[in-house]
Amino acid sequence: MVSFFLTHAEVVVEPARPIESWGLSDAGRSRAARAVDVARHPEVRRIVSSEERKAVETAAVLGTATGIVPTTHGALGEIDRSATGYLPFEEFEGVVDAFFSAPEESVRGWERAVDAQARIVEAVRRLTADDDAGDVTIVSHGAVGALLLADLRGVPISRALDQPGMGSVFAFDPRTWRATSDWRRVPAR
């Protein structure tokens with residue numbers, strides 16, 4: 001049995017709009033179309049995504065390719081960083097480093113890493129608890145994926161477990177609760 005955790009692909013950054021409403025870019029749509037090659041197994045019968053637009057769009061592209069109608073789950077969302085909203089790339093990277101290096105602290109009002117980890121782990125465990133429902137491809141976000149991967153590996157929270165880029169995937173066995181692969185970037189073409 002195998003399930004997958006897939007992160008949304010590249011987005012159109014719109015600083016004036018809420019981050020949750022950003023959609024896929026053309027490059028992101030292209031990468032999402034290739035996800036079927038690496039985030040699908042014959043026993044995967046469900047695709048469940050975060051409610052954020054970029055994840056919903058990635059799941060829709062994967063759903064069209066597989067014939068599976070995606071659903072959403074609110075607890076699969078990215079870390080809550082609404083306290084700061086959009087941050088320029090260099091500033092964002094520094095805050096993300098602090099988020100991972102101090103998991104029990106709220107950095108600039110962001111959701112604490114330990115809380116986000118508890119949320120994503122509980123959601124994924126619930127989504128994979130029913131053996132009769134089949135395996136699942138979860139479409140979500142990079143930071144919560146890193147937090148889930150740490151739990152699956154039984155290691156401390158670390159940015160070293162972050163995805164190599166948007167549109168990345170790892171496989172896991174929900175029955176033994178362990179990762180069965182490292183992150184792999186979905187090919188762009």
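The values are calculated or read from the model by the stated rules, or taken from the named source; none is laboratory data. This one's a predicted model, so the numbers in the text were calculated from it and none came from an experiment. Note: ideal-geometry Cβ built from the backbone for every residue, glycine included; neighbour counts use all protein chains shown. Note: accessible area is taken over every heavy atom of the protein model, side chains too, but ligands, DNA and RNA are not part of it. Shrake-Rupley method; radii C 1.70, N 1.55, O 1.52, S 1.80 Å.
I'd like the GluC sites (Glu not before Pro) in the range 24-68 restricted to DSSP loop residues with at most 11 other Cβ atoms within 10 Å, sorted by number.
GLU43
Ignoring ligands, DNA and RNA, please state the percent of accessible area on the range 1-149 from carbon and sulfur, probe 1.4 Å.
52
Roughly how much of MET1 is accessible, in Å² to the nearest 10, using a 1.4 Å probe?
Taking all protein chains as shown, MET1 has close to 110 Å².
Taking loop as defined by DSSP and a crowding limit of 13 other beta carbons within 10 Å, which GluC sites (Glu not before Pro) in the range 77-133 fit?
Taking the range 77-133 and a limit of 13 other Cβ atoms within 10 Å, the loop GluC sites (Glu not before Pro) found are GLU104, GLU105.
Please turn the phi angles of the range 178-189 into ³J(HN,Hα) values with the Karplus equation 6.51 cos²θ - 1.76 cosθ + 1.60 (θ = phi - 60°), one per residue in order, whole Hz, x for glycine and proline.
Listing the rounded values in order: 8, 6, 10, 7, 8, 4, 10, 7, 5, x, 6, 9 Hz.
Note down the relative contact order for the chain as a percent, whole number, built from C-alpha pairs under 8 angstrom at least six residues apart.
Once normalised by length, the contact order is 32 percent.
Rounded to whole Hz and in sequence order, give me ³J(HN,Hα) for the range 105-113 from the Karplus expression 6.51 cos²θ - 1.76 cosθ + 1.60, θ = phi - 60°, writing x for Gly and Pro.
With coefficients 6.51, -1.76 and 1.60, one gets 10, 8, 8, 6, x, 5, 4, 5, 4 Hz.
Using helices alone, what [θ] at 222 nm do you get for the chain, with -39,500 (n - 2.57) per DSSP H run of 4 or more residues, divided over all residues and rounded to the nearest 500?
Computed ellipticity for the chain at 222 nm equals -10500 deg cm²/dmol.
Mind checking which of ALA16, ALA129, ALA55 has the largest fluctuation in a GNM of the chain, springs on alpha carbons under 10 Å?
ALA16
Near the amide H of THR84, under 5 Å away, which other amide H atoms are found, from residues 5 or more places off or on another chain, if H is placed in the peptide plane?
Correct list: empty.
What residues have an amide H closer than 5 Å to that of THR72, excluding those fewer than 5 places away on the same chain, when H is modeled at 1.01 Å from N in the peptide plane?
SER49
For THR137, what residues show an amide H to amide H distance below 5 Å, using hydrogens built from the backbone and excluding near sequence neighbours?
Here the answer is PHE4, ARG46, ILE47, VAL48, since their amide H atoms fall under 5 Å of that of THR137.
How much of HIS73 can a 1.4 Å solvent probe reach, expressed as accessible area in Å² and rounded to 10?
Counting only protein heavy atoms, the figure is 60 Å².
Using a Gaussian network model of the chain with C-alpha springs under 10 Å, which one of THR58, THR128, THR84 is most mobile by mean-square fluctuation?
THR84
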